[in-house]
Structure formats: structure tokens, C-alpha cells
1. When the solvent-accessible surface of protein heavy atoms is calculated with a 1.4 angstrom probe, in what order do SER224, SER148 fall, highest first?
2. Plugging the Kirkwood radius over Cα pairs into Stokes-Einstein for the chain, at a temperature of 20 °C and a viscosity of 1.002 mPa s, what D comes out in µm²/s?
3. For region 434-482, what is the per residue volume of the convex hull drawn over the alpha-carbon atoms, in cubic angstrom?
4. Where does helix 541-562 land angle-wise versus the long Cα axis of the chain, in degrees 0 to 90, nearest 10?
5. Once label points are set 7 Å from the Cα along Cα→Cβ at both ASN149 and THR447, what is their separation, rounded to one decimal in nm?
6. Suppose only helical runs count, i.e. DSSP H with n ≥ 4. What mean residue ellipticity at 222 nm does that imply for the chain under -39500 (n - 2.57) per run, divided by all residues and rounded to the nearest 500 deg cm²/dmol?
7. Please give, to one decimal in nm, the separation of the simple spin-label points placed at PHE273 and ASP302, each 7 Å out from Cα toward the Cβ.
8. Counting C-alpha atoms alone, how compact is region 335-484: give Rg to one decimal and Dmax as a whole number, in angstrom.
Amino acid sequence: MNKKVEYVYSKPRKDFGKQPMFCEVPNHILDSISPDCLEQKLYGLRNPVHSFTQTLISLKDKIVNTTRIFRRDQGINHLEGGWSKDINVTDEEAITRYRRRIERDDNYINAILGSYSKFEHMIKQNNAIDMYTMYFKEMRSEKPVEKSNICVNGIYRDIYHRPISSIDWTNEEHPKVVVSYCNKTYNILRSDNFNIVGFVWDLEKMNVPLCTFKPPSACWQVASSPTESSIIIGGLEDGRVCIFDIRVTEKPTLISPAHLAHREPVSALLNVFSRVNTEFFTGSTDGKCMWWDSRNLEEPLDTLIITSRRHSDADVSLANAEPISVLQYERSIPTKFLCGTDTGLVINVNRKGRTHKDKMSTIFKAHNGSVKALHRSPCTSKIFMTCGDWSVKIWNEDLSFSPILSNTNHLNLISDVAWAPNRFSSYMTVSSDGKLRYWDLLRKHHTPIATLPISKKSLLKMNIHEEGKLVAMGDFDGVLYITALSDSLIIPDKHDKILITQAFERETRRERILEMRTKEIHLKAKTDKQIHTRVHHFEDPHALKDVEENFKKIVRKEHENIGGKKIH
């Protein structure tokens with residue numbers, strides 16, 4: 001019989017309906033239950049999980065042991081094909097006599113007879129197995145598919161968090177990166193750049209720069225010498241240019257005088273490839289180009305003022321000059337270069353022209369704002385690419401009225417653009433959203449084939465190494481990024497150059513046809529307007545009356561001259 005357990009709880013009547021009183025008490029543990037380790041292992045999350053499954057029962061029919069091969073290392077003095085020292089290898093008779101003597105030796109005969117069974121076994125194996133049969137030869141071979149990939153190899157940070165103004169690679173077997181830092185906001189009264197030291201980074205050392213260089217003012221442009229990796233050329237904010245030799249000192253070894261330099265900051269600097277490779281030229285926002293020799297900076301070798309919008313009777317001066325933003329020089333065209341301006345123009349300049357019109361041969365209205373970058377195509381020198389505002393455009397030197405190819409407008413400002421050195425149909429862009437985009441004109445025209453978010457800040461500059469594997473980029477916070485491209489983005493297809501050349505020619509012909517058609521439409525509209533004006537003029541009654549009065553006046557005058565009567 002089950003016993004009933006009963007508990008009686010009693011409470012006085014006075015405590016009924018009493019208001020509860022709450023108060024804060026310190027934390028204390030009421031009970032602690034330790035987990036079971038065995039149960040925890042059964043329900044723990046494992047990622048990844050490796051497991052093996054065999055759906056078939058393993059069966060063995062025979063046990064086969066292969067022939068064991070014993071190996072040993074032994075040195076041999078191999079001279080003149082293994083012949084002994086007393087044999088002259090240039091004497092054929094001596095070699096023949098020595099061979100006959102060896103063949104008559106009993107050891108040689110025994111060695112040949114002993115190896116007969118091994119050779120016979122190998123020959124039978126080769127006859128039993130057809131080693132040269134082509135299996136699956138009916139199937140079409142496919143090219144290996146490799147996904148396009150971009151990865152960040154190194155991040156090099158500036159402890160002062162200054163914007164990167166210029167990037168260049170040194171010309172050596174193990175390249176280094178030369179970087180200048182400053183804020184490109186030109187103030188005539190005072191400079192906003194106080195810490196102006198530049199760095200040379202070794203790719204293997206990301207924590208500390210390899211060496212530094214200290215210009216006298218903020219360095220807007222920097223370039224490494226094509227012959228000496230330790231020589232650095234700098235374009236300064238006050239318009240001067242200077243030469244650094246980082247093996248000797250951090251300060252400049254040569255500097256140009258202020259009264260012969262630019263009046264405003266140096267916005268472009270390029271090396272001129274020649275026999276001695278000591279010449280370079282600069283451009284500034286004052287609208288003047290200067291050619292220099294790095295061995296002597298006392299005065300420029302030549303000076304040219306870039307002007308395009310002036311009257312025919314006006315003199316060439318800095319008053320009507322175009323502010324220069326970028327320059328482009330091609331070593332195959334030594335006397336010509338392209339000049340991009342802050343007003344959105346690209347000017348094809350011939351340095352050796354006789355007149356000013358010959359020097360400024362062609363003018364391209366490229367962008368609404370400043371031209372940020374300007375590069376010639378590695379496929380053909382007549383094609384060049386520009387970037388500015390929110391677009392990238394590809395031009396032909398023979399067509400100045402419109403680009404042959406124009407990319408869709410981006411959502412963010414394009415900071416820099418550059419062609420891929422080896423892949424002729426590809427180029428790369430960096431923008432204010434901190435992303436690197438890789439474009440291919442043959443594969444995808446309107447969308448990039450690879451995109452990589454690099455920085456949370458705006459990317460300002462980009463420079464690609466001449467081999468095409470590494471890409472250096474700098475952002476507004478002074479961080480230098482070195483990215484590596486996969487082989488599918490570096491190695492071109494064997495038909496890429498032919499196809500992209502045909503595409504450029506096709507687009508050039510299309511633009512010429514459109515230009516001719518546009519001119520015909522404008523000419524027809526102008527002619528129709530003139531005809532309409534004349535018809536409207538003759539249909540007007542007042543106009544007809546005026547014509548009649550003029551006719552009568554002419555007739556009266558002629559009659560008066562010949563003594564005739566007047567006509568009423």
C-alpha cells in the first residue's frame with residue numbers, strides 16, 4: 001500500500017495580502033552543475049569533419065610482390081667519355097684497337113651473357129603491354145580552366161598617415177618601391193605639408209622602410225633612374241626638381257635654382273630614354289614643360305609653354321597656358337609626347353615643331369574635369385587611354401572628335417588607370433571606393449573580370465611593375481599595398497594581340513563613318529535652313545514690293561544715263 005506524503009503549510013491571517021518588498025542583493029551562485037565531458041564531445045561542433053566511407057567490400061585475389069631494386073651511390077672519374085688515360089680519344093685507330101681488345105676479354109663476354117635474361121624479360125613485358133596506344137583520342141582536348149585571382153602580398157604603412165602622392169619601381173633584379181607622401185592641396189600663402197620625408201620600401205620588409213629621403217619641400221612627383229636604382233628624381237611643391245642619391249645622404253645632392261624652375265608645383269615627371277638615360281622632363285600646373293639633365297640642374301635644357309585656347313595674333317605666354325596634370329612619353333616616338341591638362345584636354349605635342357601650331361598638333365576634349373592618367377597602349381602606339389571624372393576612354397591619335405571606346409560611367413571617381421604590360425587587351429583601375437578592378441576588352445567590356453576591395457580609404461595612385469605580376473597602390477591614409485596577379489591575368493593568349501588590333505581598327509572605322517554621317521546631316525540641315533529662309537523671304541508681300549521698287553529704280557537710272565524718258 002502506497003503511503004501518501006503530505007505537507008501542511010500554515011500561514012497567519014495577518015500575512016495575507018501583504019505587499020512584497022523587493023531589494024537588490026549581490027550576485028551569488030545557487031547551484032553549479034558541471035558538464036559531462038563525454039556528452040559534450042558527442043554534441044560538439046567540428047569544422048571541418050574528415051570521414052572516410054567504403055561502399056564496397058575489399059577482396060584480394062593474389063598477392064604480387066615487385067622485384068626489389070637495390071641502389072647505392074658510387075663516384076666515378078668521368079674523363080673524355082670514360083676512356084682510360086692512355087687512350088687518345090682523337091685517334092680513331094687507337095679507339096678501335098682498344099675496343100677489339102675489350103671485346104675479346106672473358107669478363108666482357110660473361111657480362112653480356114649474364115644480362116641476356118634481364119633484357120629478354122623486359123622485351124617480353126614491352127611486347128605484352130602496348131605502351132604506345134592512344135586512349136580516348138576521339139575526345140576533344142580542353143584547355144585548363146584557371147580562375148582569375150588577385151591577392152594582397154604586402155601592406156606597408158606610414159606611421160604619419162599622410163596621403164601617397166607618387167609611386168615608382170626601381171630598375172633592378174629585386175625591385176623596390178619608391179614612395180612620396182604629401183597632400184596635393186596647393187596653397188600659395190603656406191603649405192599644408194609639414195612632414196615631407198619619403199620612403200624606399202623593400203618588398204621583404206613590411207615593418208620598417210629600407211631607407212628614407214628628405215626633400216626641401218613637399219614632393220609631389222618621384223621617379224627612379226632607369227640606370228641607377230639608388231638615384232631618385234623628385235618634383236617639389238615649390239616648382240623645383242632635385243636629385244637624391246640614397247647611398248650618400250638623405251638630403252638632395254643636386255637641386256635646381258628657384259628662379260629657373262616652375263612657378264607652381266611639379267605635377268608630372270617622366271624619364272626620357274636615350275643613349276645616356278640622364279634626361280627627364282617635367283610639367284607643372286603653371287602650364288610649362290621643362291627638359292632637364294640629371295648631371296646638371298643649373299638650368300633647363302629646353303622649355304615649352306602648353307597653350308591651346310589663344311587668339312591667332314596673341315603671343316604665347318603663361319597667361320593663356322593650360323595647367324598640366326599628367327604627361328606621357330613613348331620611347332619609340334622621341335620628339336612627341338601627350339599632355340593632359342586640368343581643364344580636361346589631351347594635347348598631342350611635337351617638341352620639334354617649327355611653329356606653335358605645329359607643336360600643338362591635335363587637341364582631344366577628353367573629360368569634364370582634370371585628366372588623372374594618360375597611357376599609350378602596349379599593343380600599338382596610336383592608341384592611348386585616359387581617365388578622369390567617372391569614366392575611362394580609349395582614343396586614336398587620328399581621331400580627335402570622339403573616343404573609339406568609352407567605358408560605362410562608374411559610381412565612384414576614377415583615381416588612376418594603367419594598361420597591363422603583357423596582356424594587350426586588359427587594363428586596371430583604382431577608384432575612390434578603395435577597390436582594384438581588372439578589365440578585359442575582349443572578354444567583358446562593361447564589367448570587370450576581377451574586383452578586389454583593397455582599402456577602406458580612397459586609392460590615389462597605382463603603378464604596375466614592367467613584368468606585370470606585381471601592382472603597387474597607395475591610399476589616402478598612407479598605406480602602400482602590393483598585390484599579385486594570377487597567371488591567367490598576366491599571360492596573354494596567342495591571338496589576343498591580333499584580335500585587339502582588329503577591334504581597335506574596327507572601332508576607328510566606325511567612328512569615322514559616324515563623323516562623316518554627322519557632317520552630312522549638319523550640312524543638309526544648314527542647306528535646308530538657307531532654302532527655307534529664301535522661300536520665306538520671297539513669299540512675303542512686303543519683300544516682293546521692295547524688290548519691285550528696287551528694280552524700277554535701277555531701270556530709271558539706266559534710262560537717265562542714256563538720255564531716255566522716265567518710266568512711271
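The values are calculated or read from the model by the stated rules, or taken from the named source; none is laboratory data. Remember, predicted model here, so these are calculated numbers, not experimental data. Cβ coordinates were reconstructed from backbone atoms using ideal geometry, including for glycine residues, and neighbour counts include every protein chain displayed. For accessibility, only protein heavy atoms count, side chains too; no ligands or nucleic acids. Shrake-Rupley method; radii C 1.70, N 1.55, O 1.52, S 1.80 Å.
1. Numbers: SER224 5, SER148 55 Å².
I get SER148, SER224, largest accessible area first.
2. 65
3. Working: hull volume 4.1 nm³, N = 49.
That works out to 84 Å³ per residue.
4. 50
5. Between ASN149 and THR447, the label points sit 2.2 nm apart.
6. Numbers: 7 runs with 111 residues, N = 568.
My calculation for the chain gives -6500 deg cm²/dmol from helical runs alone.
7. Each label point lies 7 Å from its Cα, and together they span 1.8 nm.
8. Rg, Dmax (Cα atoms, Å): 15.7, 50.
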